[in-house]
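The values are calculated or read from the model by the stated rules, or taken from the named source; none is laboratory data. All of these numbers come straight from a predicted model, not from anything done at the bench. A quick note on method: Cβ atoms are made from the backbone with ideal geometry, for glycine too, and the neighbour counts reach across all protein chains shown. For accessibility, only protein heavy atoms count, side chains too; no ligands or nucleic acids. Shrake-Rupley method; radii C 1.70, N 1.55, O 1.52, S 1.80 Å.
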Amino acid sequence: MNKYLVLFVLLTAFLFTGAAYAGPMINIGSMYDMMMSGEKTFSKRVYNGGDTTAFVRIDILQMVIDAKGSLDTPIKQVNDGQLNKEMLVATPQRLIIPPGGFQNVRLIWPSKRDKEYYYRVRFTPVLPKSNEGFNATAEQLKEYETDQVKAGVNVLTGYGSILFVAPDTPRFDSHITQDKQTMTIKNNGNATIVLEKIQTCQQPSNKCDEEGRSFVLPGGSHQLKKNSEQETIKYMLVEGKNEQAKSF
């Protein structure tokens, strides 16, 4: 199994608990996103499926991953749209999303990339007791506070996603070895590969379990294992924009 893969399981929803549930309810779509080579921006849509306005703060942490684990370092971004050539930038950094609506966030990498980078992007609904950079009107803040009091709301759920930022010149070199029971996929390239639609199917019925997914970082590996000769494992090897169906 890829020794780095387990780190991404730590991608979690974080919860502020209270007595009742109502109010904003955000949805960020995919928990894993990729900024491909040749791309300088990535757009992510944040939805509010709740019944009150969502005030959402965006925080970015750079992930440094090695064999010992992952170190997350918060990135300080002073002003919306202010580009720093050494880091990922989110614009806007504050969202006001009406009930049933959505807003787009642009994640920008303005300079060259000689290697792959990893970021954790957090989307946190907050109670804007003060404006806190939201550029909201006094009327919006008062209306929001009134809605919270009426609903008895103090439960807010935030989410985090992982962004893979590919190098400008990705090199894919997936080395596959197998025997009757196991297949090992080693990533000898410089960009993450993805094993999509992993399924174990029983023969001869061809009944398959639910599809899975695995990210294999550069230098990492992932092993697929059959429990019996009556099983077939299928998956899609994704290297950048190239996809190959595999099975054993």
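Filtering the stretch 99-115 to residues that are in contact (Cβ under 8 Å) with a residue 60 or more places away in the chain, under 15 Å from Tyr47 (Cα atoms) and buried (at least 16 other Cβ atoms within 10 Å of the Cβ) leaves only Val105.
Return a yes/no flag: does the stretch 199-215 have any residue that is touching a Lys or Arg at 6+ places or on another chain (Cβ under 8 Å) and within 20 Å of Thr169 (Cβ to Cβ). For the stretch 199-215, residues touching a Lys or Arg at 6+ places or on another chain (Cβ under 8 Å) and within 20 Å of Thr169 (Cβ to Cβ): absent.
Once the stretch 194-248 is narrowed to residues that are without any contact (Cβ under 8 Å) to a residue 12 or more places away in the chain and within 28 Å of Tyr118 (Cα to Cα), the residue that is least open to solvent (accessible area, probe 1.4 Å) is Gln244. Taken over the stretch 165-190, the criterion of being of a type in the set (A, V, I, L, M, F, W, C), in contact with a Leu (Cβ under 9 Å, 6 or more places away or on another chain) and open to solvent by less than 40 Å² (accessible area, probe 1.4 Å) is satisfied by Val165, Met183, Ile185. Within 26 Å of Gly219 (Cα to Cα), modelled with pLDDT of 85 or more and either surrounded by 15 or more Cβ atoms within 10 Å (Cβ to Cβ) or touching a Lys or Arg at 6+ places or on another chain (Cβ under 9 Å) (or both), is that true of Tyr118? Judged against the criteria, Tyr118 is a match. The test for being farther than 19 Å from Gln140 by Cβ, open to solvent by 20 Å² or more (accessible area, probe 1.4 Å), touching a Ser or Thr at 6+ places or on another chain (Cβ under 6 Å) and modelled with pLDDT under 90 does not hold for Leu11.
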